[in-house]
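Derivation of every value follows stated rules applied to the coordinates shown; laboratory data play no part. In this text the structure is predicted, and so the values were computed from the model without any measurement. Cβ placement follows ideal geometry from the backbone for every residue including glycine, while neighbour counts extend to all protein chains displayed.
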Amino acid sequence: MSRILSADALETVLRYPVVPVFYHADAAYAKRILETCYAGGLRVFEFTNRGANAFDVFTELVAFAHENCPDMLLGIGTIYTAADAERFIQAGAAFVVQPCLTEEVAEVCRQHGTPWLPGTMTVAEVYRATQLGAAIVKIFPGNVVGPGFIKSLRGPMPTVPLMVTGGVEPTEESLREWFQAGVNVVGMGSQLFKNADDTEALRQQIASLLAFVGTLKK
């Protein structure tokens, strides 16, 4: 499987700025969700390293995406250590997301040319992330800091690519609030997948959200 170059990966994330954050222990179910997100128009997907068999499921997802969702950028989230970053990158992760910032993960991503999205919660952490080479800086948890933090951050740091995760709801009101505050990308987890068993409804919801975000970014 050919690896997408880092610059192209970053461009894709910024072009498709709604990122599902998802984990499920059943590979077949995870594939169905991935395919539904793809059908809805999403091209970036964060699978989280939150279960004992996360690596095995992710490996299956990489192969599945290659065959069935060829333009999907599939990354791994909830990474804390260099060892985990290394093995998931070797398995095909196109980007690495952290809930926090660790320099050892930054270094592994730098060595592989893989976009690194560390989690931050303070101005100092955001600055540190940029110094260590973050492709996009994740603000987490968004429901704690709120859109007001993003607005304030945009004063001294107007050009840092920002992604917010936690507290983003799949509604026009929530998306408008975050994007108008100044984020470039939003990550959505459980809020997006409340009724995921109805894949057609999920597909339609995703398509609608993407269309709405497109109007905000014009």
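So here's what we get for this one:
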item: Linear extension gain, residue 154 paired with residue 184, 0.36 nm per residue minus alpha-carbon span; result: 9.7 nm
item: From the C-alpha gyration tensor of the chain, square roots of 5λ in Å; result: 24, 22, 15
item: Sites residue 8 and residue 83 - FRET efficiency at Förster radius 30 Å, r taken between beta-carbons, to 0.05; result: 0.70
item: Space enclosed by the convex hull of the alpha-carbon atoms of segment 104-218, per residue, Å³; result: 123 Å³
item: Per-residue [θ]222 nm for the chain (sum of -39500 (n - 2.57) over DSSP H runs n ≥ 4, rounded to 500); result: -15000 deg cm²/dmol
item: Inter-probe distance in nm under a simple model that places probes 7 Å from Cα toward Cβ, at residue 199 and residue 27; result: 1.7 nm
item: Percent of alpha-carbon pairs separated by more than 13 Å within segment 177-218; result: 59 percent
item: Eligible aspartates and glutamates near residue 31 by straight Cα distance, threshold 14 Å, same-chain separation 8 or greater; result: 46, 56, 60, 67, 197
item: Pairwise FRET efficiency - residue 15 versus residue 125, Cβ, R0 = 35 Å, nearest 0.05; result: 0.85
item: Proximal lysines to residue 217, defined as alpha-carbon separation beneath 28 angstrom and excluding residues fewer than eight positions away on the same chain; result: 138, 151, 194
item: Descending semi-axes in Å of segment 115-162, equivalent ellipsoid built from Cα gyration tensor; result: 16, 12, 9
item: Rounded, prolate or oblate (a/c below 1.5 giving rounded, otherwise prolate when a/b exceeds b/c) for segment 32-91 by Cα gyration tensor; result: prolate
item: Where labels lie 7 Å past Cα in the beta-carbon direction, separation of residue 67 and residue 171 in nm; result: 4.1 nm
item: Euclidean distance between Cα centres, segment 117-154 to segment 1-76, Å; result: 23 Å
item: Cα shape, segment 67-170, gyration tensor, a/c 1.5 rule; result: prolate
item: Distance in nm between pseudo-label sites at residue 59 and residue 215 (7 Å out along the Cβ direction from Cα); result: 4.6 nm
item: Highest-first arrangement of 203-209, 105-111, where packing means the average Cβ count within 10 Å; result: 105-111, 203-209
